[in-house]
Amino acid sequence: MNATIPPASAVLPARHIDAPAPGESIRAHYEQCFGCGPGHPTGMQIKSTAGEGLTVRGVFTVSEHHQGAPGLAHGGLLTAAMDDVLGSLNWLILVAAVTGRLEVDFRMPVPVGSVLVIDGANVGQERRKIYTEGTARLGSATGPIACEATGLFIQVPMEHFGEHALANGLEFKP
């Protein structure tokens, strides 16, 4: 059994009434988040927007700071991008969650300078387990598929993040 595929008993959660409306920006997880933080100078600075239902779209441009092989995005960076966008789905159901498992299939190389458009969806929830899937495309929402992912996120209390921030001398603002 694949741990990132929802079991038959999983249900689609309801979009929270206070979630960002379709087309609205989804705020960064944290100012210094490597994925979406606007304060991280070499991060991906992914800009995500809420879609219809339980969907999001994230967009970023691969820079020279994101290379693995010369001129190509690092596979781990692409995995981090998928993780960040799929994690932003939790803003739609307003729960705190961490990545439990993420599986990424790479379809083609992603050159430096490419725009990557990542569409993600919440596909089910069972108790604390939240199941997601996403597709990253080159250049546009209809461009060639660069990679696909399925993810499992686990709900945690908000205090989880505060405890770790304080332990490292950081300020935490939920």
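Just so you know, all these numbers are worked out from the coordinates, no wet-lab data involved. Fair warning: this is a prediction, and the values are worked out from it, not measured in the lab. For neighbour counting, all protein chains shown are included, and Cβ atoms are generated from backbone atoms with ideal geometry for every residue, glycine included.
Scanning the range 107-132 for residues that are touching a residue at least 40 places away in the same chain (Cβ under 8 Å) and either among the charged types (D, E, K, R) or touching a helix residue (DSSP H, G or I) at 6+ places or on another chain (Cβ under 6 Å) (or both) yields R107, V112, I118, D119, G120, E126, K129, T132.
Among the residues examined, I93 does not qualify as in contact with a Cys (Cβ under 9 Å, 6 or more places away or on another chain) and either closer than 24 Å to P157 by Cβ or among the small types (G, A, S) (or both).
For the range 144-158, how many residues are touching a residue at least 60 places away in the same chain (Cβ under 8 Å), assigned to a strand (DSSP E or B) and not β-branched (V, I, T)?
Step one: filter the range 144-158 for residues touching a residue at least 60 places away in the same chain (Cβ under 8 Å), giving 146-147, 149-153, 155-158.
Okay, now just the ones that are also assigned to a strand (DSSP E or B), so 146-147, 149-153, 155.
Subsequent filtering for residues that are not β-branched (V, I, T) retains 146-147, 149, 151-153, 155.
So the count comes out to 7.
The set of residues in the range 33-54 that are loosely packed, with under 15 Cβ neighbours inside 10 Å and either among the hydroxyl-bearing types (S, T, Y) or within 18 Å of E148 (Cβ to Cβ) (or both) contains only T42.
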